[in-house]
1. Can you pull out every residue in region 145-183 that is among the aromatic types (Phe, Trp, Tyr) and away from the ligand (no atom under 16 Å from the Cβ)?
2. Tell me which of these Asp214 doesn't satisfy, since it passes every other one: (1) acidic (Asp, Glu); (2) within 11 Å of the ligand (Cβ to nearest atom); (3) in contact with a helix residue (DSSP H, G or I) (Cβ under 6 Å, 6 or more places away or on another chain).
3. Any idea which of Gly44, Gly7 is over 21 Å from the mean Cα position of the chain (by Cα) and either buried (at least 18 other Cβ atoms within 10 Å of the Cβ) or more than 24 Å from His237 (Cα to Cα) (or both)?
4. Among the residues of region 12-31, are any surrounded by fewer than 19 Cβ atoms within 10 Å (Cβ to Cβ), on the phi > 0 side of the Ramachandran plot and more than 14 Å from the chain's Cα centre (by Cα)?
5. Where in region 201-287 are the strands (runs of 3 or more DSSP E), entirely inside, with at least 2 residues that are in contact (Cβ under 8 Å) with a residue 12 or more places away in the chain and surrounded by fewer than 19 Cβ atoms within 10 Å (Cβ to Cβ)?
6. Test of understanding: among Gly108, Gly179, which residue is in the same structural domain as Val285 (by TED's automatic domain parsing) and touching a strand residue (DSSP E or B) at 6+ places or on another chain (Cβ under 8 Å)?
7. For Thr133, which of the numbered conditions (1) assigned to a helix (DSSP H, G or I); (2) buried (at least 16 other Cβ atoms within 10 Å of the Cβ) fails to hold?
8. All but one of (1) away from the ligand (no atom under 12 Å from the Cβ); (2) more than 23 Å from Tyr139 (Cα to Cα) hold for Phe88; state the number of the condition that does not hold.
Amino acid sequence: MRVLVTGGCGYIGSHMVRVLARAGHEVTIVDDLSTGHEDTLPSGVRFAKLDIRDPAVRELMKERRVEDLHFASRIQVGESVRDPRLYFRDNLAAGVALLDHVLDAGVGRFVLSSTAAVFGNPIETPIGEDHPTLPINPYGDTKLALERALIAYGRAYPLKFAALRYFNAAGAWPEEGLGERHDPETHLIPLVVKTALGQQQSITVFGNDYPTPDGTCIRDYVHVRDLADAHLAALVHLEAHESGFFNLGTGSGSSVREVITAVERAGGKPVNVVWGERREGDPPVLVAKAERAKALLGWQPTRTLDEIVESAWRWHSRV
Ligand SMILES: NC(=O)c1ccc[n+]([C@@H]2O[C@H](COP(=O)([O-])OP(=O)(O)OC[C@H]3O[C@@H](n4cnc5c(N)ncnc54)[C@H](O)[C@@H]3O)[C@@H](O)[C@H]2O)c1
């Protein structure tokens with residue numbers, strides 16, 4: 001396949017690019033490097049340093065006759081609450097501009113990086129694809145709005161799409177020099193690993209009195225390489241099947257305490273934990289119902305929490 005990856009220099013996109021390149025697909029990357037890293041680029045891929053809104057992206061799509069995987073986005077929930085215009089402009093308006101390029105260039109298949117944030121506070125868990133979508137922050141609002149645009153466009157135009165709602169992406173691919181490098185980092189596993197490595201003093205855990213077995217929040221961590229595999233499975237699926245929404249998770253989940261213990265096990269070093277108050281808007285459990293992706297895409301995560309943490313540990317402790 002010929003595939004265009006927007007955001008291919010970011011955390012998940014860079015893993016995607018490796019998976020595609022290794023499988024022999026022809027890859028074009030569009031990334032403005034606003035949060036991405038050029039040093040993730042492997043040889044043999046075409047890289048265009050462009051904003052997804054740039055009309056040159058449409059020309060690239062036409063010239064290369066690609067399918068599109070769309071990762072490029074702002075991703076910080078807290079920032080989206082403080083400064084929502086960034087998210088409506090750079091996620092929603094830019095996403096709609098990209099979809100214009102997709103339609104104008106005659107791209108047939110489009111895969112959106114969506115998120116569990118489209119569901120808001122869960123009414124039931126595990127969360128299936130048909131769970132009501134009621135985001136509680138602008139980040140989730142903008143992803144849901146893009147999903148809605150895809151539904152309408154898919155009905156009106158010759159475009160097939162898959163919206164993949166990831167729960168928590170985690171882990172690294174140290175052998176390929178890839179790992180999680182967000183600035184600021186807000187995700188649990190890199191923060192716990194950095195604490196164990198002494199790169200930061202402590203990790204604050206928000207709440208230990210939740211109605212969960214050990215009192216800390218439970219989230220559904222999926223290895224970033226498993227997520228990349230799901231995108232490839234979705235592109236293949238769309239060749240012969242209808243558009244759809246897929247929740248990508250393990251179906252079980254791990255607590256914050258379990259993550260900390262896994263990091264201590266992987267690194268053989270204690271983690272300095274500060275116990276803080278609960279944060280507003282943090283549901284006790286966020287876990288995906290994982291059946292649809294398994295049944296229709298033939299996809300399920302293969303890597304365990306220990307493998308996720310071990311890969312993150314090796315990547316963060318590189319010299
Ligand atoms: N990381 C997670 O746990 C998680 C969970 C759910 C969903 N997602 C979604 O996955 C996608 C990738 O997340 P990530 O963690 O890899 O983020 P990231 O910040 O590491 O990567 C985003 C990439 O997109 C590029 N980019 C941003 N805006 C752009 C624009 N307008 N034009 C061109 N390039 C642009 C950045 O330079 C960066 O390389 C996002 O859409 C995010 O919403 C991530």
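1. So the first thing to find is which residues in region 145-183 are among the aromatic types (Phe, Trp, Tyr), and the list is 153, 157, 161, 166-167, 173.
Tyr153, Tyr157 - these are the residues of region 145-183 that are among the aromatic types (Phe, Trp, Tyr) and away from the ligand (no atom under 16 Å from the Cβ).
2. (2)
3. Details: Gly7 fails: over 21 Å from the mean Cα position of the chain (by Cα).
Testing whether each residue is over 21 Å from the mean Cα position of the chain (by Cα) and either buried (at least 18 other Cβ atoms within 10 Å of the Cβ) or more than 24 Å from His237 (Cα to Cα) (or both) leaves just Gly44.
4. yes
5. Passing ranges, in order: 203-206, 273-276.
6. On the way: Gly108 fails: in the same structural domain as Val285 (by TED's automatic domain parsing).
Only one candidate qualifies: Gly179.
7. Going through the list (1) assigned to a helix (DSSP H, G or I); (2) buried (at least 16 other Cβ atoms within 10 Å of the Cβ), Thr133 breaks only (1).
8. With (1) away from the ligand (no atom under 12 Å from the Cβ); (2) more than 23 Å from Tyr139 (Cα to Cα) applied to Phe88, the lone miss is (2).
The values are calculated or read from the model by the stated rules, or taken from the named source; none is laboratory data. All of these numbers come straight from a predicted model, not from anything done at the bench. Cβ: placed from backbone, ideal geometry, glycine included. Neighbour counts: every protein chain shown.
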